[in-house]
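Accompanying notes for the structure given below.
The values are calculated or read from the model by the stated rules, or taken from the named source; none is laboratory data. Since this is a predicted model, take the numbers as computed values, not measurements. Heads up, the Cβs are rebuilt from the backbone with ideal geometry, glycines too, and the neighbour counts pull from every protein chain shown.
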Amino acid sequence: MSKVTRLCSLLVSLALASCVSTGTLAEHQEKARRLSHDLQQLSPSVDAREADRLATTAIEESAKLAADFKPFIHPWMNNGLVNVGLRKRGLCYQWRDDLFPHLFHLKLKTLDLHLSASKRDTWQEHHGIVVTAKGQRFEDGLVIDPWRHGGRLWWGLLKNDKSHPWKPLPWELTPMVLRPLLMPHLYPAR
């Protein structure tokens, strides 16, 4: 076998070995239970059923996005493929923008959703969703990030996510795809 053939075989093997599995139904249910618990810890005012719905939706929709995007274990590898045109989608803001409507349509009463960004306008820019109890400070929220582990939803308290200094995304930077949800008075349904 030539060196080129062996190298190509190695690269294909590495690519296949690094594809993400989002887990079994039982694992999804356990993750949703843990996420719901963490959401309820934000405040005594958080409704447990609402936290359950948000958690289940976030876990399941992240897994569906992973099936669509077919990410690698290392998100930067997926970004590279998107950036050179070998994949159509899968950047962090696309994961966020695709997950957000599913959470928004839950019509949450005791939890608020915030579009957020970290290290904006740098090569390390990252996007996620911060969930707070209704009226709670953004800084006390919980980050949910479907991109970080390629569809295996990552979450954690904003203050503990030391690698990402999260900030609310300014309204003027709201993605066009989300504006009809978040600004219905400016983008009425047709």
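Annotations for the structure displayed:
- Scanning the stretch 162-183 for residues that are under 16 Å from Leu115 (Cα atoms) and assigned to a loop (DSSP other than H, G, I, E, B) gives His164, Pro165, Leu169, Pro170, Thr174, Pro175, Met183.
- For the stretch 107-128, a tally of residues being over 17 Å from Gly90 (Cα atoms) and touching a His at 6+ places or on another chain (Cβ under 6 Å) returns 1.
- Checked against the criteria, Arg120 does not count as crowded, with 17+ Cβ neighbours inside 10 Å, over 16 Å from Ala55 (Cβ atoms) and either modelled with pLDDT of 95 or more or charged (D, E, K, R) (or both).
- For Lys107, the stated conditions hold: it is of a type outside the set (A, V, I, L, M) and either at pLDDT 95 or above or touching an Asp or Glu at 6+ places or on another chain (Cβ under 7 Å) (or both).
- Of the residues Leu81, Leu153, the single one that is surrounded by fewer than 20 Cβ atoms within 10 Å (Cβ to Cβ) and among the aliphatic types (A, V, I, L, M) is Leu81.
- Tally, over the stretch 22-60, of residues that are assigned to a helix (DSSP H, G or I) and either surrounded by fewer than 16 Cβ atoms within 10 Å (Cβ to Cβ) or touching a residue at least 60 places away in the same chain (Cβ under 8 Å) (or both): 19
- Lone qualifier among Phe100, Phe104, Phe72 - being over 14 Å from Trp155 (Cα atoms), of a type in the set (Phe, Trp, Tyr) and touching a Cys at 6+ places or on another chain (Cβ under 7 Å): Phe72
- Qualifying residue in the stretch 130-143 (condition: touching a residue at least 60 places away in the same chain (Cβ under 8 Å), among the basic types (Lys, Arg), over 24 Å from Ala66 (Cβ atoms) and not in a strand (DSSP E or B)): yes
- Single condition His105 does not satisfy, out of (1) crowded, with 21+ Cβ neighbours inside 10 Å; (2) farther than 20 Å from Gln124 by Cα: (1)
Residue by residue, here is whether (1) β-branched (Val, Ile, Thr); (2) at pLDDT 60 or above holds:
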{"position": "Arg6", "(1), (2)": "no, no"}
{"position": "Ser21", "(1), (2)": "no, yes"}
{"position": "Leu39", "(1), (2)": "no, yes"}
{"position": "Asp47", "(1), (2)": "no, yes"}
{"position": "Thr57", "(1), (2)": "yes, yes"}
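Yes or no, residue by residue, for (1) of a type in the set (A, V, I, L, M); (2) farther than 18 Å from Pro175 by Cβ; (3) in contact with a Leu (Cβ under 6 Å, 6 or more places away or on another chain):
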site	(1), (2), (3)
Ala58	yes, yes, yes
Trp76	no, yes, no
Leu81	yes, yes, no
Val84	yes, yes, no
Lys88	no, no, no
Leu91	yes, no, no
Gln94	no, no, no
Asp98	no, no, yes
